[in-house]
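Structure, as C-alpha coordinates:
The values are calculated or read from the model by the stated rules, or taken from the named source; none is laboratory data. Fair warning: this is a prediction, and the values are worked out from it, not measured in the lab. Neighbour counts run over all protein chains shown; Cβ positions are idealised from the backbone, glycine included. The accessibility values were calculated without ligands, DNA or RNA, using every heavy atom of the protein model including side chains. Shrake-Rupley method; radii C 1.70, N 1.55, O 1.52, S 1.80 Å.
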Amino acid sequence: VTNLGLTAVLTALCLASALPPKIGTTRMGHGENRPSLGRGGRVTFKQARHPTGHHFNGARSVYRTYLKYAVPVPEDLVRAVAHTDALNSAAEEDKRRRGATGSAPAVPIDERFDIAYVTPVTIGTPPQTLMLDFDTGSSDLWVFSSHMPPFQVRGQEIYTPDESSTARLLEGHTWSIMYGDGSASRGNVYVDTFAVGGLTVLNQAVQTAQQVSASFTSATNIDGLVGLGFSTLNTVRPESQLTFFDNAKASLDNPVFTADLKYMAAGTYDFGFIDRAKYTGEITYVPIDPDPGYWIFTSSGYAVGASSNFSATPIIGIADTGTSLVYLPTAVLTAYYRQVQGATNSRSYGGYVFPCDSALPSFTFGVGEERFTIPASYIRYAPVTEGSATCFGGLQSSSELGINIWGDVALKAAFVVFDSRSPPRIGWAKK
Ligand SMILES: CNCc1ccc(Oc2cccnc2)o1
(Lines give C-alpha, C1' and ligand atoms only; values in the text may rest on other atoms or scores of the structure.)
Protein backbone atom coordinates (compact mmCIF):
# COMPACT_ATOMS: atom_id res chain seq x y z
CA VAL A 1 0.00 0.00 0.00
CA THR A 2 1.54 3.28 -1.07
CA ASN A 3 1.98 5.98 1.54
CA LEU A 4 -0.90 7.96 -0.01
CA GLY A 5 -3.19 4.88 -0.10
CA LEU A 6 -2.32 4.15 3.55
CA THR A 7 -2.97 7.78 4.34
CA ALA A 8 -6.41 7.65 2.71
CA VAL A 9 -7.36 4.47 4.61
CA LEU A 10 -6.13 5.80 7.98
CA THR A 11 -7.81 9.16 7.37
CA ALA A 12 -11.15 7.43 6.74
CA LEU A 13 -10.75 5.49 10.03
CA CYS A 14 -9.85 8.61 11.98
CA LEU A 15 -12.81 10.58 10.61
CA ALA A 16 -15.22 7.67 11.18
CA SER A 17 -14.29 7.42 14.85
CA ALA A 18 -14.75 11.18 15.28
CA LEU A 19 -18.42 11.07 14.12
CA PRO A 20 -20.94 11.60 16.99
CA PRO A 21 -22.83 8.35 17.91
CA LYS A 22 -26.26 8.14 16.23
CA ILE A 23 -28.98 8.77 18.88
CA GLY A 24 -31.05 5.74 19.80
CA THR A 25 -28.49 3.23 18.66
CA THR A 26 -26.08 4.21 21.40
CA ARG A 27 -24.85 1.10 23.26
CA MET A 28 -25.55 1.88 26.91
CA GLY A 29 -22.26 1.90 28.86
CA HIS A 30 -21.96 0.40 32.35
CA GLY A 31 -21.33 1.98 35.74
CA GLU A 32 -19.48 5.27 35.69
CA ASN A 33 -19.09 5.21 31.93
CA ARG A 34 -22.89 5.11 31.38
CA PRO A 35 -23.53 8.01 29.01
CA SER A 36 -26.19 10.32 30.41
CA LEU A 37 -29.02 10.80 27.88
CA GLY A 38 -29.94 14.47 28.23
CA ARG A 39 -33.36 15.72 26.91
CA GLY A 40 -33.23 16.41 23.16
CA GLY A 41 -31.11 13.35 22.65
CA ARG A 42 -27.79 14.71 23.84
CA VAL A 43 -25.23 12.18 25.13
CA THR A 44 -22.37 12.80 27.53
CA PHE A 45 -19.39 10.43 27.87
CA LYS A 46 -17.05 10.88 30.83
CA GLN A 47 -13.42 10.61 29.75
CA ALA A 48 -11.40 7.82 31.41
CA ARG A 49 -7.67 8.10 32.01
CA HIS A 50 -5.67 5.83 29.70
CA PRO A 51 -4.72 2.61 31.57
CA THR A 52 -1.22 2.63 33.12
CA GLY A 53 1.71 1.17 31.18
CA HIS A 54 0.94 3.51 28.24
CA HIS A 55 3.99 5.37 26.97
CA PHE A 56 3.56 8.77 25.33
CA ASN A 57 5.05 8.92 21.83
CA GLY A 58 5.15 12.53 20.67
CA ALA A 59 6.38 11.62 17.20
CA ARG A 60 3.33 9.38 16.75
CA SER A 61 0.92 12.18 17.69
CA VAL A 62 2.57 14.46 15.06
CA TYR A 63 2.41 11.55 12.59
CA ARG A 64 -1.33 11.17 13.19
CA THR A 65 -1.87 14.84 12.52
CA TYR A 66 -0.07 14.54 9.17
CA LEU A 67 -2.34 11.60 8.33
CA LYS A 68 -5.48 13.37 9.52
CA TYR A 69 -4.86 16.25 7.12
CA ALA A 70 -3.58 13.94 4.38
CA VAL A 71 -0.10 15.51 4.40
CA PRO A 72 2.61 13.14 3.15
CA VAL A 73 4.67 11.95 6.14
CA PRO A 74 8.42 12.80 5.88
CA GLU A 75 10.78 9.82 6.23
CA ASP A 76 12.52 11.20 9.32
CA LEU A 77 9.16 11.52 11.10
CA VAL A 78 8.45 7.85 10.41
CA ARG A 79 11.91 7.05 11.77
CA ALA A 80 11.24 9.21 14.89
CA VAL A 81 8.05 7.24 15.65
CA ALA A 82 9.97 3.96 15.47
CA HIS A 83 12.87 5.38 17.53
CA THR A 84 10.57 6.53 20.37
CA ASP A 85 8.71 3.20 20.34
CA ALA A 86 12.03 1.36 20.64
CA LEU A 87 13.08 3.51 23.63
CA ASN A 88 9.69 2.99 25.29
CA SER A 89 9.76 -0.77 24.92
CA ALA A 90 13.36 -0.84 26.23
CA ALA A 91 12.15 1.10 29.29
CA GLU A 92 9.33 -1.41 29.72
CA GLU A 93 11.78 -4.29 29.47
CA ASP A 94 14.10 -2.62 31.99
CA LYS A 95 11.17 -2.12 34.39
CA ARG A 96 10.23 -5.80 34.02
CA ARG A 97 13.82 -6.87 34.78
CA ARG A 98 14.09 -4.72 37.95
CA GLY A 99 12.21 -5.55 41.15
CA ALA A 100 9.23 -3.85 42.67
CA THR A 101 9.43 -0.58 44.60
CA GLY A 102 6.96 1.40 46.67
CA SER A 103 6.62 4.80 48.31
CA ALA A 104 4.07 6.02 50.84
CA PRO A 105 3.60 9.11 53.04
CA ALA A 106 4.32 9.17 56.79
CA VAL A 107 1.79 11.68 58.14
CA PRO A 108 1.96 13.06 61.71
CA ILE A 109 -1.22 12.05 63.62
CA ASP A 110 -1.37 15.48 65.25
CA GLU A 111 -0.75 19.06 64.18
CA ARG A 112 1.77 19.99 66.88
CA PHE A 113 4.02 17.33 68.41
CA ASP A 114 4.74 14.50 65.92
CA ILE A 115 3.42 12.01 68.51
CA ALA A 116 3.36 9.32 65.80
CA TYR A 117 3.18 8.98 62.01
CA VAL A 118 0.59 7.02 60.02
CA THR A 119 0.65 5.68 56.47
CA PRO A 120 -2.36 4.73 54.28
CA VAL A 121 -2.66 1.04 53.41
CA THR A 122 -5.40 -1.09 51.86
CA ILE A 123 -6.41 -4.54 53.07
CA GLY A 124 -8.75 -7.03 51.41
CA THR A 125 -11.08 -7.21 48.41
CA PRO A 126 -12.65 -4.74 47.82
CA PRO A 127 -9.81 -2.71 49.43
CA GLN A 128 -10.40 -1.34 52.95
CA THR A 129 -8.21 1.72 53.67
CA LEU A 130 -6.64 2.14 57.12
CA MET A 131 -3.99 4.54 58.47
CA LEU A 132 -1.30 2.47 60.20
CA ASP A 133 1.74 3.34 62.32
CA PHE A 134 4.80 1.80 60.61
CA ASP A 135 6.95 0.70 63.54
CA THR A 136 10.56 -0.52 63.16
CA GLY A 137 10.44 -1.35 66.89
CA SER A 138 7.96 -4.24 66.58
CA SER A 139 6.98 -7.00 64.14
CA ASP A 140 3.18 -7.44 64.34
CA LEU A 141 0.83 -6.10 61.66
CA TRP A 142 -2.37 -5.56 63.63
CA VAL A 143 -5.49 -3.52 63.00
CA PHE A 144 -8.58 -2.24 64.75
CA SER A 145 -11.27 -4.67 63.62
CA SER A 146 -14.92 -5.67 63.60
CA HIS A 147 -13.98 -8.20 66.31
CA MET A 148 -13.53 -5.46 68.94
CA PRO A 149 -16.11 -4.27 71.46
CA PRO A 150 -17.47 -1.02 69.97
CA PHE A 151 -16.66 1.02 73.12
CA GLN A 152 -12.94 0.40 72.45
CA VAL A 153 -13.20 2.04 69.01
CA ARG A 154 -13.17 5.85 69.11
CA GLY A 155 -13.17 7.04 65.50
CA GLN A 156 -10.55 4.64 64.19
CA GLU A 157 -11.16 2.90 60.83
CA ILE A 158 -11.66 -0.85 61.31
CA TYR A 159 -10.88 -3.88 59.12
CA THR A 160 -13.87 -6.18 58.62
CA PRO A 161 -12.61 -9.53 57.29
CA ASP A 162 -16.19 -10.72 56.65
CA GLU A 163 -16.42 -8.01 53.98
CA SER A 164 -13.27 -9.17 52.19
CA SER A 165 -13.57 -11.99 49.66
CA THR A 166 -9.82 -12.69 49.96
CA ALA A 167 -9.71 -12.89 53.80
CA ARG A 168 -8.93 -16.33 55.25
CA LEU A 169 -9.02 -17.02 59.02
CA LEU A 170 -5.73 -18.52 60.31
CA GLU A 171 -7.47 -21.22 62.40
CA GLY A 172 -6.38 -21.45 66.03
CA HIS A 173 -3.87 -18.61 65.82
CA THR A 174 -3.80 -15.72 68.30
CA TRP A 175 -1.50 -12.84 69.17
CA SER A 176 -0.87 -10.56 72.16
CA ILE A 177 1.60 -7.68 72.39
CA MET A 178 2.78 -5.12 74.97
CA TYR A 179 4.74 -2.02 73.89
CA GLY A 180 7.44 -0.13 75.74
CA ASP A 181 4.97 2.58 76.79
CA GLY A 182 2.71 0.01 78.46
CA SER A 183 0.09 -0.01 75.70
CA ALA A 184 -1.16 -3.42 74.58
CA SER A 185 -3.46 -5.28 72.19
CA ARG A 186 -4.42 -8.86 71.29
CA GLY A 187 -6.68 -10.88 68.97
CA ASN A 188 -6.87 -13.43 66.17
CA VAL A 189 -5.31 -13.68 62.73
CA TYR A 190 -6.35 -13.63 59.07
CA VAL A 191 -4.35 -13.65 55.87
CA ASP A 192 -5.47 -11.19 53.21
CA THR A 193 -4.21 -8.93 50.44
CA PHE A 194 -2.17 -6.02 51.82
CA ALA A 195 -1.06 -3.03 49.75
CA VAL A 196 0.99 0.06 50.57
CA GLY A 197 2.62 2.66 48.32
CA GLY A 198 2.05 0.65 45.14
CA LEU A 199 3.35 -2.62 46.61
CA THR A 200 0.92 -5.55 47.05
CA VAL A 201 1.51 -8.62 49.21
CA LEU A 202 -0.94 -11.52 48.82
CA ASN A 203 -1.68 -13.66 51.89
CA GLN A 204 -0.16 -11.19 54.38
CA ALA A 205 -0.87 -12.09 58.02
CA VAL A 206 -3.26 -9.39 59.29
CA GLN A 207 -3.75 -9.56 63.04
CA THR A 208 -7.29 -8.48 63.93
CA ALA A 209 -7.62 -6.87 67.35
CA GLN A 210 -10.24 -8.18 69.78
CA GLN A 211 -8.95 -6.03 72.67
CA VAL A 212 -6.79 -2.88 72.79
CA SER A 213 -5.59 -0.89 75.82
CA ALA A 214 -7.02 2.53 76.67
CA SER A 215 -4.10 4.44 75.13
CA PHE A 216 -4.78 2.83 71.73
CA THR A 217 -8.48 3.66 72.02
CA SER A 218 -7.43 7.28 72.78
CA ALA A 219 -5.06 7.37 69.77
CA THR A 220 -8.02 8.10 67.49
CA ASN A 221 -5.86 8.62 64.35
CA ILE A 222 -4.03 5.29 64.56
CA ASP A 223 -5.94 2.31 63.10
CA GLY A 224 -3.19 -0.18 63.94
CA LEU A 225 0.51 -0.89 63.44
CA VAL A 226 2.73 -2.36 60.73
CA GLY A 227 5.78 -3.94 62.32
CA LEU A 228 9.03 -3.38 60.38
CA GLY A 229 11.24 -5.12 62.95
CA PHE A 230 12.66 -8.61 62.37
CA SER A 231 10.00 -11.31 62.05
CA THR A 232 11.51 -13.23 64.98
CA LEU A 233 9.69 -10.73 67.23
CA ASN A 234 6.21 -11.54 65.80
CA THR A 235 3.82 -12.60 68.61
CA VAL A 236 1.41 -14.83 66.60
CA ARG A 237 1.18 -18.35 68.08
CA PRO A 238 1.40 -21.32 67.51
CA GLU A 239 3.17 -20.28 64.24
CA SER A 240 4.73 -16.81 64.14
CA GLN A 241 4.12 -14.77 60.96
CA LEU A 242 6.29 -12.69 58.62
CA THR A 243 6.21 -8.92 58.47
CA PHE A 244 4.92 -7.30 55.27
CA PHE A 245 8.50 -6.26 54.45
CA ASP A 246 9.85 -9.81 54.87
CA ASN A 247 7.04 -11.08 52.60
CA ALA A 248 7.77 -8.40 49.99
CA LYS A 249 11.57 -8.47 50.21
CA ALA A 250 12.33 -11.09 47.54
CA SER A 251 10.36 -9.17 44.90
CA LEU A 252 11.81 -5.76 45.78
CA ASP A 253 14.49 -4.20 43.55
CA ASN A 254 16.67 -3.97 46.67
CA PRO A 255 16.01 -5.54 50.12
CA VAL A 256 15.78 -2.15 51.81
CA PHE A 257 13.30 0.38 53.11
CA THR A 258 14.00 3.99 54.06
CA ALA A 259 12.47 6.41 56.55
CA ASP A 260 12.40 10.12 55.78
CA LEU A 261 10.39 11.40 58.76
CA LYS A 262 9.85 15.14 59.09
CA TYR A 263 9.31 17.71 61.86
CA MET A 264 5.62 18.68 61.82
CA ALA A 265 5.23 17.63 58.19
CA ALA A 266 4.54 14.51 56.17
CA GLY A 267 7.60 12.46 55.22
CA THR A 268 7.88 9.18 53.34
CA TYR A 269 8.64 5.49 53.71
CA ASP A 270 10.19 4.05 50.53
CA PHE A 271 10.46 0.31 49.84
CA GLY A 272 12.96 -1.41 47.55
CA PHE A 273 14.99 1.64 46.57
CA ILE A 274 17.05 4.50 47.96
CA ASP A 275 15.88 7.89 46.67
CA ARG A 276 18.99 9.94 45.97
CA ALA A 277 16.88 13.13 46.06
CA LYS A 278 16.00 12.63 49.73
CA TYR A 279 19.47 13.03 51.23
CA THR A 280 22.70 14.93 50.76
CA GLY A 281 26.29 13.67 50.89
CA GLU A 282 26.94 9.99 51.55
CA ILE A 283 25.11 7.37 53.60
CA THR A 284 27.10 6.12 56.62
CA TYR A 285 26.32 2.45 57.24
CA VAL A 286 26.92 0.63 60.53
CA PRO A 287 26.21 -3.05 61.36
CA ILE A 288 22.95 -4.26 62.88
CA ASP A 289 22.71 -7.06 65.45
CA PRO A 290 19.44 -8.75 64.28
CA ASP A 291 19.32 -11.39 67.03
CA PRO A 292 17.16 -9.44 69.49
CA GLY A 293 14.83 -8.70 66.55
CA TYR A 294 15.24 -4.90 66.67
CA TRP A 295 17.26 -2.61 64.40
CA ILE A 296 20.03 -2.36 67.02
CA PHE A 297 23.17 -0.38 66.19
CA THR A 298 25.98 1.33 68.08
CA SER A 299 26.20 5.11 67.98
CA SER A 300 29.78 6.39 68.23
CA GLY A 301 28.98 9.05 70.84
CA TYR A 302 27.33 12.38 71.48
CA ALA A 303 27.78 16.08 72.09
CA VAL A 304 25.58 18.62 73.85
CA GLY A 305 25.07 21.38 71.30
CA ALA A 306 27.03 21.24 68.06
CA SER A 307 29.68 18.55 67.69
CA SER A 308 32.52 20.68 69.20
CA ASN A 309 32.80 18.78 72.50
CA PHE A 310 31.98 15.33 71.10
CA SER A 311 32.24 12.51 73.65
CA ALA A 312 33.32 9.32 71.85
CA THR A 313 31.41 6.78 73.90
CA PRO A 314 29.53 3.83 72.31
CA ILE A 315 25.74 3.96 72.78
CA ILE A 316 23.94 0.73 71.81
CA GLY A 317 20.34 1.50 70.86
CA ILE A 318 17.45 0.73 68.52
CA ALA A 319 16.14 2.84 65.63
CA ASP A 320 12.42 2.91 66.41
CA THR A 321 9.97 4.79 64.14
CA GLY A 322 7.13 3.75 66.50
CA THR A 323 8.50 5.66 69.51
CA SER A 324 8.11 9.45 69.65
CA LEU A 325 11.11 10.43 71.80
CA VAL A 326 14.80 9.59 72.31
CA TYR A 327 15.74 7.52 75.38
CA LEU A 328 19.43 7.59 76.40
CA PRO A 329 21.64 6.70 79.39
CA THR A 330 21.37 8.90 82.51
CA ALA A 331 24.93 10.22 82.10
CA VAL A 332 24.04 11.63 78.66
CA LEU A 333 20.79 13.18 79.94
CA THR A 334 22.53 14.80 82.91
CA ALA A 335 25.17 16.30 80.60
CA TYR A 336 22.43 17.71 78.35
CA TYR A 337 19.93 19.07 80.89
CA ARG A 338 22.74 20.58 82.97
CA GLN A 339 22.86 23.17 80.15
CA VAL A 340 19.12 23.94 80.40
CA GLN A 341 17.99 26.65 82.84
CA GLY A 342 15.35 25.28 85.23
CA ALA A 343 15.44 21.70 83.93
CA THR A 344 14.49 18.93 86.40
CA ASN A 345 13.81 15.21 86.17
CA SER A 346 10.21 15.41 87.39
CA ARG A 347 8.61 12.39 89.05
CA SER A 348 5.17 13.97 88.76
CA TYR A 349 5.53 14.59 85.01
CA GLY A 350 7.42 11.33 84.45
CA GLY A 351 10.59 12.70 82.93
CA TYR A 352 12.86 15.69 82.24
CA VAL A 353 10.91 18.97 82.04
CA PHE A 354 12.00 22.60 81.76
CA PRO A 355 10.48 26.08 81.36
CA CYS A 356 9.26 26.27 77.72
CA ASP A 357 11.08 29.59 77.27
CA SER A 358 14.45 28.19 78.43
CA ALA A 359 17.26 28.31 75.86
CA LEU A 360 17.90 24.76 74.66
CA PRO A 361 21.12 23.45 73.12
CA SER A 362 20.86 21.11 70.15
CA PHE A 363 22.00 17.48 70.60
CA THR A 364 24.51 15.73 68.36
CA PHE A 365 24.95 11.96 68.03
CA GLY A 366 27.55 10.02 66.11
CA VAL A 367 27.15 7.29 63.50
CA GLY A 368 30.67 6.10 62.69
CA GLU A 369 32.62 9.21 61.69
CA GLU A 370 29.42 11.11 60.80
CA ARG A 371 27.67 13.54 63.16
CA PHE A 372 23.89 14.19 63.26
CA THR A 373 22.42 17.14 65.10
CA ILE A 374 18.91 17.18 66.57
CA PRO A 375 17.73 20.82 66.55
CA ALA A 376 16.62 22.34 69.87
CA SER A 377 13.08 22.74 68.44
CA TYR A 378 12.70 18.94 68.30
CA ILE A 379 13.79 18.69 71.97
CA ARG A 380 11.33 21.35 73.14
CA TYR A 381 8.81 18.56 72.61
CA ALA A 382 5.49 19.67 74.11
CA PRO A 383 3.92 21.53 77.06
CA VAL A 384 3.31 19.00 79.87
CA THR A 385 -0.38 19.91 79.64
CA GLU A 386 -2.24 22.13 77.16
CA GLY A 387 -1.13 25.75 77.63
CA SER A 388 1.42 24.99 80.39
CA ALA A 389 4.67 27.01 80.55
CA THR A 390 6.50 23.80 81.48
CA CYS A 391 7.72 21.68 78.58
CA PHE A 392 8.50 17.97 78.32
CA GLY A 393 11.88 17.09 76.81
CA GLY A 394 12.40 15.15 73.57
CA LEU A 395 15.41 13.49 75.26
CA GLN A 396 14.50 11.20 78.16
CA SER A 397 16.23 8.58 80.31
CA SER A 398 16.44 4.94 79.19
CA SER A 399 17.39 3.72 82.68
CA GLU A 400 13.94 2.17 83.27
CA LEU A 401 13.72 0.70 79.74
CA GLY A 402 16.86 -1.46 79.68
CA ILE A 403 17.48 -0.31 76.10
CA ASN A 404 18.39 3.00 74.43
CA ILE A 405 15.88 4.15 71.80
CA TRP A 406 16.49 6.49 68.85
CA GLY A 407 12.84 7.44 68.31
CA ASP A 408 11.21 9.94 65.93
CA VAL A 409 12.91 12.99 67.58
CA ALA A 410 16.25 11.61 66.28
CA LEU A 411 15.04 9.88 63.10
CA LYS A 412 13.49 13.06 61.68
CA ALA A 413 16.93 14.70 61.82
CA ALA A 414 18.22 12.22 59.17
CA PHE A 415 17.44 10.02 56.17
CA VAL A 416 17.62 6.44 57.45
CA VAL A 417 18.18 3.28 55.38
CA PHE A 418 17.06 -0.04 56.91
CA ASP A 419 19.08 -2.47 54.81
CA SER A 420 17.97 -6.07 55.19
CA ARG A 421 20.77 -7.67 53.14
CA SER A 422 22.92 -10.28 54.92
CA PRO A 423 24.31 -9.13 57.33
CA PRO A 424 21.76 -6.37 57.86
CA ARG A 425 22.92 -2.80 58.34
CA ILE A 426 21.50 0.65 58.98
CA GLY A 427 22.50 3.74 57.03
CA TRP A 428 22.23 7.37 58.12
CA ALA A 429 22.52 10.41 55.87
CA LYS A 430 21.98 14.14 56.24
CA LYS A 431 19.08 15.77 54.39
C1 LIG B 1 0.78 5.87 72.91
N2 LIG B 1 0.36 4.51 73.25
C3 LIG B 1 -0.49 3.90 72.19
C4 LIG B 1 0.36 3.66 71.02
C5 LIG B 1 0.22 4.24 69.79
C6 LIG B 1 1.23 3.67 68.99
C7 LIG B 1 1.92 2.79 69.80
O8 LIG B 1 2.91 1.98 69.43
C9 LIG B 1 4.12 2.00 70.09
C10 LIG B 1 4.30 2.53 71.35
C11 LIG B 1 5.59 2.48 71.92
C12 LIG B 1 6.61 1.89 71.19
N13 LIG B 1 6.42 1.40 69.95
C14 LIG B 1 5.19 1.45 69.39
O15 LIG B 1 1.39 2.79 71.04
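In percent, what relative contact order does region 147-298 have, based on Cα pairs under 8 Å that are 6 or more apart in sequence?
18
Just how many % of Cα pairs in region 268-381 lie over 26 Å apart, if you round to the nearest whole percent?
Pairs farther apart than 26 Å: 27 percent.
Got a sec to turn the phi values of region 58-63 into Karplus ³J(HN,Hα) couplings, 6.51 cos²θ - 1.76 cosθ + 1.60 with θ = phi - 60°, whole Hz, x for Gly and Pro?
Running phi through 6.51 cos²θ - 1.76 cosθ + 1.60 with θ = phi - 60° gives x, 4, 5, 6, 5, 4 Hz.
Using a Förster distance of 30 angstrom, determine the FRET efficiency expected from the C-beta separation of residue 344 and residue 240, and round it to 0.05.
My answer for the efficiency is 0.10.
Counting only protein heavy atoms, what percent of the accessible surface of region 313-431 is carbon or sulfur at a 1.4 Å probe?
51
Counting only residues 5 or more places away or on other chains, whose amide H sits under 5 Å from the amide H of residue 170 once H atoms are built in the peptide plane?
Residues meeting the criterion, in which the H sits 1.01 Å from N, are 189, 190, 191.
For region 323-431, what are the per-bin percents of Cα-Cα distances with bins 10 Å wide, up to the bin holding the maximum?
Percent of pairs per bin, in order: 14, 45, 30, 10, 2.
State, to one decimal in nm, how far the label point of residue 390 lies from the label point of residue 377, with both points 7 Å from Cα in the Cβ direction.
Once both label points are built, they end up 2.6 nm from each other.
For residue 262, which aspartates and glutamates qualify as cross-link partners when the Cα separation must be under 15 Å and same-chain residues fewer than eight apart are set aside?
Once the sequence-local aspartates and glutamates are set aside, what remains near residue 262 is 110, 111, 114, 133, 270, 320, 408.
Using alpha-carbon pairs under 8 Å, 6+ residues apart, how would you state the relative contact order of the chain in percent?
Relative contact order comes out at 14 percent.
Scan the chain and hand back the longest stretch that contains none of the GluC sites (Glu not before Pro) lying in DSSP loops with at most 12 other Cβ atoms within 10 Å.
That gives 240-368 as the longest site-free run.
A 29 angstrom limit on the alpha carbon distance is what I want to check against. Which of 95/278; 249/430; 249/412; 46/95; 95/249 exceed it?
46/95
Counting only the backbone N, which residues of region 294-336 are under 17 Å from the spot 7 Å out from the Cα of residue 232 toward its beta-carbon?
Backbone N within reach: 294-298, 317-319.
Tell me which residues come under 5 Å, amide H to amide H, from residue 396 once H is placed; ignore anything under 5 positions away on its chain.
326, 327, 328
For residue 220 and residue 331 in one chain, what is 0.36 nm times their gap in residues minus the Cα-Cα distance, to one decimal in nm?
Between residue 220 and residue 331, full extension yields 36.3 nm more.
If I stretch the segment between residue 56 and residue 311 completely, what's the gain in nm (0.36 nm per residue apart, minus their alpha carbon distance), one decimal?
Gain in length upon complete extension: 86.2 nm.
Which net charge results for the neighbourhood of residue 240, defined as the other residues with beta-carbon distances under 14 angstrom from its beta-carbon, given Lys and Arg at +1 and Asp and Glu at -1?
-2
Hey, can you grab everything whose amide H is under 5 Å from the amide H of residue 311? Only 5+ residues off in sequence or another chain; H modelled, so Pro and N-termini drop out.
Close amide H contacts, sequence-distant or interchain: 302, 303.
So which lysines can residue 68 reach, going by Cα to Cα under 24 Å and dropping same-chain residues fewer than 8 places off?
Partners within reach: 22.
With +1 on each Lys and Arg Cβ and -1 on each Asp and Glu Cβ, and nothing else charged, work out how big the dipole of region 216-264 is about its Cα centre, in Debye to the nearest 20.
Dipole of region 216-264, to the nearest 20 debye: 100 debye.
Trypsin sites (Lys or Arg not before Pro) within region 135-226: which are DSSP loop residues with at most 15 other Cβ atoms inside 10 Å?
Passing both the DSSP loop test and the Cβ count: 154.
May I ask for the equivalent-ellipsoid semi-axes of region 157-275, computed as the square root of five times each C-alpha gyration tensor eigenvalue and listed largest first in whole Å?
For region 157-275, the ellipsoid semi-axes come out as 23, 20, 14 Å.
Length gain on complete extension for the stretch residue 178 to residue 69, per 0.36 nm per residue less the alpha carbon to alpha carbon distance?
Contour length minus Cα-Cα distance gives 32.1 nm.
Based on the mean of other beta carbon atoms within 10 Å per residue, what is the order of 62-71, 422-431, most packed first?
Descending packing order for the listed peptides: 422-431, 62-71.
Any chance you could get the radius of gyration and Dmax over the Cα atoms of the chain, in Å?
Answer for the chain, Rg first and Dmax second: 28.0, 91 Å.
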